[in-house]
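Worksheet: the structure to be examined is printed underneath.
All of the numbers you see were taken from the coordinates with simple rules; none came from a lab. In this text, all values refer to a predicted model and were calculated from it rather than measured experimentally. Heads up, the Cβs are rebuilt from the backbone with ideal geometry, glycines too, and the neighbour counts pull from every protein chain shown.
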Amino acid sequence: MSSNLTLGVDIPGDGMDFKNKLKKIDECLLELPQNAIEGMNVPAWLFLSNKLLNLVEGGAIKQIANVACLPGIHKHSIALPDMHFGYGFPIGGVAALDFETGGLSPGGIGFDINCGVRLLSSNLEADDIRPHLKNLVTEIFQNVPSGVGKGGKIRLSTQELCEVLEMGAQWAVERGYGIKRDLKYLEETGCMNSASSEKASPKAIQRCAPQLGSLGAGNHFLEIQKVEKIHLPEAAKTFGITHEGQVCIMIHTGSRGFGHQVCTDYLQILNAKFRDEIAKLPDRELVYAPAGTKECEDYFAAMSCAANFAWCNRQMITHWVREGVARILDMSHDELGLDVVYDVAHNIGKLEEHVIDGKKTKVFVHRKGGTRCLGPGADDIPKDYRDVGQPVLVPGDMGSASYVLVGTKKAEKETFSSVCHGAGRLMSRHGALRQFRGERVKANLASRDIFVRSASWKALAEEAPGVYKDIHEVVRVCEVAGISKTVAKLVPMGVVKG
């Protein structure tokens, strides 16, 4: 039964009092009714605890209400527990738009298309590698380019780049950057077949030319982690996470400048083409390509290229990580392990089938700061994972922890198989620079035996642990809401920041 939720603080939002409009459906699920603002086609669901709700900007709540105004939207717009203000959609926003009556909104996917996470398990023990940690981090830092504007280690022709955009991670594996087995454990096996390089602009292709195989900047990172706690031993073992103290490596990056340019290009195209549709929206940043139009097909093909670029990018980084660790520890690849646990996107649009009102329905699922989390039995995950469900990788800030979760059947019903993507920011990068100094951040982490290498002091300040919400609370809310289960907690030992 719904009831009014009483909060400890007011939540502003363009003059609207959202506090009194939210209804509590369950312990960690709130509903913004369909009449909260004019034009909502469905209600909005917010997966939040009181603690997290008190941290959410009023503008972000207004954004998830705006998303509910998009045509063809099914069931409800969704805000996940790491939600915060973004472009068009809030980050942590999910929506399913009908394949025939809806469309695709770039603001619901984001500029860093297929920003995502890959996790590698290993045969290494935390205690054994600690004496080599600084050398390992330094080797990876030197072997994997990182930082603003940093390019990769290879140069490709335009034809080769177009092959990358259409083949994804398979392109890298075929050229020796990894092994065929890796592809089995990537979402979409590392390639969306809907990609067409002809739909990406020359400017976008030019931007991606020097960046393949690079980490980038911002919140992107590469971490050497240890398993601190296993919550679901059976699922963890299925994923190759066998015991506490085991070393894993996490890679968090995306499509670099290429994805940003694809989003920029198509926002310009859609803003020029669909002025009448924009006029009906509460926020022009929600501009969308209506289903069935050439622009919808073109954007989906170009977005798929960016997703493929990101999967290829993480594949090449994986290869160089393996090389670097093998060199420092003087061990063979078989001795190291360093097998792919899984690779998930968390800024992406996917054409999926979901059961809605009792029948299978084709929808464009927008996940912006949302991770796919299929439950047990799903066909679209590796066969050896189907009994337990899809691994979900949730990166934390470099001073806390990251989590491995697993998808649930309840998420399939309530969130279109979507769950959180991280902790979610508490403050802007400008705010972080006013409050933190990179040198101090590094020293504080060192005092906790976390060794960090970064391309700049500024990057460390912008990504200081204090600028993020409590990842433990975010994960707890997902578990309480039943949209995921916690498999394992991993903590950082060494960090490479972009």
Original post:
From the phi of every residue in region 317-334, what ³J(HN,Hα) in whole Hz does the Karplus formula 6.51 cos²θ - 1.76 cosθ + 1.60 yield, where θ is phi - 60° and glycine or proline is x?
Top reply: 4, 4, 4, 5, 5, 4, 4, x, 5, 4, 5, 5, 8, 6, 10, 7, 5, 5
Original post:
What number, rounded to the nearest 500 deg cm²/dmol, is the helix-based mean residue ellipticity at 222 nm of the chain, given -39500 (n - 2.57) per DSSP H run of at least four residues and division by all its residues?
Top reply: -9500 deg cm²/dmol
Original post:
Residue by residue through region 265-275, which ³J(HN,Hα) values in whole Hz follow from phi under the Karplus form 6.51 cos²θ - 1.76 cosθ + 1.60 (θ = phi - 60°), with glycine and proline marked x?
Top reply: 4, 7, 4, 5, 4, 5, 5, 6, 8, 10, 5
**OP:** Place +1 on the Cβ of every Lys and Arg and -1 on the Cβ of every Asp and Glu in the chain, take the dipole about the Cα centre, and give the residue among N135, V394, T238 whose Cα lies farthest towards its positive end.
**Re:** N135
Original post:
How would you order 311-322, 274-285, 469-480 from highest to lowest mean count of nearby Cβ atoms within 10 Å?
Top reply: 311-322, 469-480, 274-285
Original post:
For Cα extents along the principal axes in Å, which listed value, [x] 64, 52, 48; [y] 122, 79, 53; [z] 78, 67, 34, comes from the coordinates shown?
Top reply: [x]
Subject >> Placed amide H near A68: partners under 5 Å, 5+ positions off or other chain >> reply: none
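Once you have a ≥ b ≥ c as the square roots of the Cα gyration tensor eigenvalues for region 315-436, tell me rounded if a/c is under 1.5, and otherwise prolate or oblate according to whether a/b is larger than b/c.
Because a/c hits 1.5 or more and a/b fails to exceed b/c, region 315-436 counts as oblate.
What trypsin sites (Lys or Arg not before Pro) does region 114-200 have in DSSP loop regions with at most 11 other beta carbons within 10 Å?
Of the trypsin sites (Lys or Arg not before Pro), the ones in loops of region 114-200 whose Cβ has at most 11 other Cβ atoms within 10 Å are R155.
Taking the Cα centre of the chain as origin and charging only Cβ (+1 Lys, Arg; -1 Asp, Glu), how large is the dipole, in debye to the nearest 20? If you can, show how the numbers build up before the last one.
Values: 58 positive and 59 negative charges, 179 e Å.
My answer is approximately 860 debye.
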Original post:
Got a sec to turn the phi values of region 457-469 into Karplus ³J(HN,Hα) couplings, 6.51 cos²θ - 1.76 cosθ + 1.60 with θ = phi - 60°, whole Hz, x for Gly and Pro?
Top reply: 5, 4, 4, 5, 5, 5, 10, 4, x, x, 8, 10, 6
Subject >> For L29, distant residues with modelled amide H under 5 Å away >> reply: L48
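Determine, for each peptide in 49-55, 67-73, the mean count of other beta carbons within 10 angstrom over its residues, then list the peptides with the highest first. Display every interim value, and only then the final one.
Working: 49-55: 17.1, 67-73: 22.9.
Listed from highest to lowest mean packing, they are 67-73, 49-55.
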**OP:** Amide H neighbours of K229 under 5 Å, at least 5 residues apart or on other chains, H built in the peptide plane: list them.
**Re:** K489
